[in-house]
Every structure is written in C-alpha cells, then in structure tokens.
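**Q** The structure is given below, and queries will be raised subsequently.
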Amino acid sequence: MNDRKLAETISRRGLVAGAVGAAAIAVGPAFASEETSPADDPYSESKMQNPISKYPKPPFNKQTQPWPGLARNMEPKPDHGEKSYVGSGRLAGRKALITGGDSGMGRAAAIAYAREGADVAINYFPSEEPDAREVVAFIKEVGRKAVAIPGDLRDEGFAESW
C-alpha cells in the first residue's frame with residue numbers, strides 16, 4: 001500500500017488517539033511508585049461518594065419565610081457550591097456583576113465565578129444583607145475581590161444613586 005492510500009485510510013484523530021494511548025501505556029509504569037497506596041488516590045472507591053446518597057432527600061420540613069427569604073434560614077441549608085464546586089481558573093482576571101447574588105442561582109453563580117478566578121460584584125435586596133455578607137466573605141476567602149451593591153434594580157432612582 002502506498003503512502004497516499006495509507007494516509008487516506010487512517011484519520012488524524014485515530015492516529016493521535018493511538019499515539020496518546022500508547023504513550024500513556026509506556027509512561028504509566030514510570031510514574032508508579034511503591035510509596036503510593038489506594039488510600040492516596042482521590043478516585044479510590046473508599047473516597048468517592050455516591051451522589052444519590054450524598055445529599056439530603058425529601059420530604060423536607062415545611063418552612064415559610066416572608067419574601068424575600070434568606071438562604072441561611074433554610075433547613076437543610078442549600079448547597080450553592082461553597083464546598084462542592086472546584087474551579088479551574090477559567091475566569092482569571094475577569095470581573096462579574098451578578099444580580100441576586102446573595103441567594104439561589106445568583107449565589108451559586110457568584111461562588112462559581114469567584115472559584116474560577118473572577119472578581120465579583122453582587123446586587124441584592126437590602127433585606128437580604130445577612131446572606132450577601134456570607135457570599136462576600138466567601139468570595140474574599142477564595143482570594144478574589146468582592147463588591148456588595150444593595151438595592152432594588154426595579155427602582156428608577158437606584159441607578160441614579162451610583
């Protein structure tokens with residue numbers, strides 16, 4: 001088979017995949033050491049948790065709060081990624097403004113952006129100050145700048161106050 005015919009039968013993707021697989025097989029033993037044990041492996045079965053049983057399940061206690069509610073008063077406390085989300089620096093050097101950044105999806109977004117390396121400003125209702133303080137503290141804890149902007153965006157005078 002001539003070179004041109006061979007090149008037509010082997011795709012670049014197949015060639016690269018084969019080379020990477022062969023390299024991994026060849027290099028793997030070089031990095032293995034007798035000092036490591038299965039207990040050191042974060043992916044070992046003893047360290048991994050089943051996500052189905054890891055979190056609280058319904059039925060939850062009935063709970064009501066006046067609007068807008070505070071996440072800190074919920075039981076069980078919602079997971080917004082404070083401990084479960086691990087960033088990888090994808091937003092390093094960026095800045096984000098997140099409305100509703102004190103609770104719910106806004107809080108999760110603010111935490112994720114900070115974990116990804118962005119400085120974060122959050123807007124929230126003044127009555128949700130305790131939750132906002134928690135988010136600001138978390139953003140600073142992961143080494144990012146945090147700005148808290150209390151106010152109601154629906155109020156026409158809000159923008160004029162800045």
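**Q** Within the bounds of segment 59-79, is there any residue that is in a loop (DSSP other than H, G, I, E, B) and in contact with a Lys or Arg (Cβ under 9 Å, 6 or more places away or on another chain)?
**A** Going through segment 59-79, the residues in a loop (DSSP other than H, G, I, E, B) turn out to be 59-70, 74-79.
Still in the running and in contact with a Lys or Arg (Cβ under 9 Å, 6 or more places away or on another chain): 78.
Yes, segment 59-79 contains at least one residue that is in a loop (DSSP other than H, G, I, E, B) and in contact with a Lys or Arg (Cβ under 9 Å, 6 or more places away or on another chain).
**Q** Next question. Could you count how many residues in segment 75-112 are more than 11 Å from the chain's Cα centre (by Cα) and of a type in the set (Gly, Ala, Ser)?
**A** Count: 8.
**Q** Also, I was wondering about something else. Specify the residue that is nearest to Glu116 (Cα to Cα); the eligible residues are those in segment 78-95 that are modelled with pLDDT of 85 or more and of a type in the set (D, E, K, R).
**A** So in segment 78-95, the residues modelled with pLDDT of 85 or more come out as 88-95.
Those left that are additionally of a type in the set (D, E, K, R): 90, 94-95.
Values: Arg90: 5, Arg94: 9, Lys95: 11 Å.
My answer is Arg90.
**Q** While we're on this one: Residue pairs, Cβ under 7 Å, 6 or more apart or interchain, first in segment 42-71 and modelled with pLDDT under 70, second loosely packed, with under 10 Cβ neighbours inside 10 Å and not aromatic (Phe, Trp, Tyr). List them.
**A** These pairs meet every condition: Ser46/Ala39.
**Q** Please give the number of the condition Pro130 fails out of (1) closer than 26 Å to Ser88 by Cβ; (2) part of a helix (DSSP H, G or I).
**A** With (1) closer than 26 Å to Ser88 by Cβ; (2) part of a helix (DSSP H, G or I) applied to Pro130, the lone miss is (1).
**Q** When the residues of segment 120-162 are narrowed to those that are among the basic types (Lys, Arg) and out of contact with any strand residue (DSSP E or B) (no Cβ under 6 Å at 6 or more places or on another chain), which ends up surrounded by the fewest Cβ atoms within 10 Å (Cβ to Cβ)? Explain how you work it out, then say what you get.
**A** The first filter runs over segment 120-162 and keeps only residues among the basic types (Lys, Arg), leaving 133, 140, 144-145, 154.
Still in the list and also out of contact with any strand residue (DSSP E or B) (no Cβ under 6 Å at 6 or more places or on another chain): 133, 154.
Numbers: Arg133: 14, Arg154: 6.
That would be Arg154.
The values are calculated or read from the model by the stated rules, or taken from the named source; none is laboratory data. Remember, it's a predicted structure, so these values are computed and weren't measured experimentally. Note that we place each Cβ from the backbone using ideal geometry, even for glycine, and neighbour counts take in every protein chain shown.
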